[in-house]
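Take a look at the structure set out below.
Any read-out appearing in this document is the output of simple, stated calculations on the displayed coordinates, not a laboratory observation. Since the structure is predicted, the reported quantities are computational estimates derived from the model, not experimental observations. As a convention, Cβ positions derive from the backbone with ideal geometry for all residues, glycine included, and neighbour counts pool all protein chains shown.
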Amino acid sequence: MLDCLVLGDSIAFGFGQVRPDCTSISVPKITTNNWLLTKSSLIQPAKTTIISLGTNDWNFETLEPDLERVRSKLNGRIFWILPSATLRPQQRAIVEKIAQSHGDLVLNPPKSMEADGIHPTYTGGYQELGTLAR
C-alpha cells in the first residue's frame, strides 16, 4: 500500500512536484473523463489520496458521475483540491458535493496563485497545499 497518491490534472502534477513522497498519476489539462479512460487503471491502494480533477471539465452532466467513478476506486483518507471559486464555480460545487457525500477533506486554493487564477504558485501555493494534505 502506498503512503500517498496524487491523482488528476496540472494542479495535481504541481502538487506532486512539491510532495515527492507521493506517487503522482497526473496529466496537465486533462478532463476527468479522459483521466478515467487513460489513467484509472494505474490506481493503487493508498493511505492518503489527493485529487485534483474537475477544473478542465465543461460537461456538467458527466462531471459528477465521472468524479464518483474516480472516488469509487479509492480507500483511505481522501483530499480534494477545490477548483477556483471565482473562475470555476460550477466545477467547484460538484467537487465539494462529492467530497461532502463521502466525508472527504477539501483543500481550498491557496492564497499564492499564478496570474491565471487557476494554478497555485510553485514558490508558495503548492507548498501550502502540500503541508495541509498530510
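Descriptive notes on the structure:
- Loop trypsin sites (Lys or Arg not before Pro), segment 16-105, which have at most 10 other Cβ atoms in a 10 Å radius of their Cβ (DSSP): Lys29
- Net charge, Ser72 excluded, C-beta distance under 14 Å - Lys, Arg +1, Asp, Glu -1: -1
- Projected label points at Asp21 and Thr131, each 7 Å from Cα along the beta carbon direction, are separated by 1.5 nanometres.
- As a size descriptor, the averaged projected area of the C-alpha convex hull of segment 90-129 was calculated at 3.1 nm².
- Annotation: amide H of Ile50 within the under-5 Å range of Leu5, Val6, Leu7, Phe79, sequence separation 5 or more or interchain, hydrogens built in the peptide plane.
- In Å, descending, principal axis extents of the Cα set of segment 2-132: 33, 32, 27
- Of all DSSP beta bridges in the chain, antiparallel share, percent nearest 5: 5 percent
- Subtracting the Cα-Cα distance of Glu61 and Val106 from their residue separation scaled by 0.36 nm leaves 14.0 nm.
- Sites matching chymotrypsin sites (Phe, Trp or Tyr not before Pro) across segment 15-68 that sit in DSSP coil, with at most 14 neighbouring C-beta atoms within 10 Å: Trp58
- At q = 0.13, 0.14, 0.20, 0.25 Å⁻¹, base-10 log of I(q)/I(0) for segment 5-62 (Debye sum, equal scatterers on each alpha carbon): -0.29, -0.34, -0.67, -0.98
- For segment 64-121, the list of GluC sites (Glu not before Pro) that fall in a loop by DSSP and count at most 14 other C-beta atoms within 10 angstrom reads Glu114.
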